[in-house]
1. Within the set of other residues whose C-beta is less than 13 Å from the C-beta of residue 111, count the net charge using Lys and Arg as +1 and Asp and Glu as -1.
2. Would you be so kind as to identify which of 133, 91, 11 lies farthest towards the positive end of the dipole of the chain, taking Lys and Arg as +1 and Asp and Glu as -1 on Cβ and the Cα centre as origin?
3. Starting from the Cα-Cα distance between residue 198 and residue 43, subtract it from 0.36 nm times their residue separation and give me the gain in nm to one decimal.
4. With the other protein chains left in place, how much accessible area per residue, in square angstrom, belongs to the stretch 112-210 at a 1.4 angstrom probe?
5. Averaged per residue, what accessible surface does the stretch 40-84 expose to a 1.4 Å probe, in Å²?
6. Among the aspartates and glutamates, which have Cα under 16 Å from the Cα of residue 43 when same-chain residues fewer than 8 positions away are ignored?
7. Throw me the Rg/Rh for the chain, computed over C-alpha atoms with Kirkwood Rh, two decimals.
8. Among the aspartates and glutamates, which fall within straight-line cross-link reach of residue 143, defined as a Cα-Cα distance under 18 Å, with same-chain neighbours fewer than 8 residues apart omitted?
Amino acid sequence: STTITNNGNAGLNLATTGSINTNGLDMLNTTGDLQVDGNIDNKGNVTITNEGENFIVNGTITNKEGTLAFLNKNGALNINTSGRVSNTGNSTITNNGSEGLNIHGNITNGGTLDLTNTGTEGLNISGNVSSTGNITATNSGTKGVNIESSGRVTGQNNITINNTATGGVNVKGLVNAKNNVNIASNNGNVVIGDNTENNNYVTAGNDINI
């Protein structure tokens, strides 16, 4: 397995032309941004932890035959428009930074997928999130859970959204589960729909529980 640690002020940056191909990967960044612009191809378990400023994915992270775990402790965890994250197993993506968990790109997952945000700016999806296993999105960050008009959350099993923040759960994009969709908001409202051409915002093979 491979361990990469950065303690330097300039952060940890995998350039566009850079690639990491390994069996087992543990990355830790303690200062500056952790930015993946290139390609990571891993077999086994991959753990990427950012204790620096922001965790930014503009490139491609591919994992198979193991777990994938992202943890961001400061700033934002941004999977940007060009960002691609795929894993054949179980994945946890956790943001505790104030700038939120922001998925503008694509996440494709084979096992269970847990998206967790405690940061003020909320859990925001404008890209595509899909998983063969259960998808669970949990937010306690002030601005709530926001699935933008372009956002798509697709699950082959159950999709569960749990929100305890005043920002509520706002679904402007499309949420579709083969089994059940469960949406719970303990503080803010649940608002479904927008003024675009989107229709059937929340669909399920079995039950929708809100």
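The values are calculated or read from the model by the stated rules, or taken from the named source; none is laboratory data. Since the model is a prediction, treat every value here as computed from it, not as a measurement. Using ideal geometry, Cβ is built from the backbone for each residue, glycine included, and neighbour counts are taken over all protein chains shown. Surface accessibility is based on the protein's heavy atoms, side chains included, excluding ligands, DNA and RNA. Shrake-Rupley method; radii C 1.70, N 1.55, O 1.52, S 1.80 Å.
1. Around residue 111, the surrounding residues sum to -1.
2. The listed residue farthest towards the positive side: 133.
3. In short, 52.0 nm is gained.
4. Each residue of the stretch 112-210 exposes 43 Å² on average to a 1.4 Å probe.
5. With the other protein chains kept in place, the stretch 40-84 gives 36 Å² per residue.
6. Within reach: 26, 65.
7. Rg divided by Rh gives 0.98.
8. Cross-link targets: 99, 121, 194.
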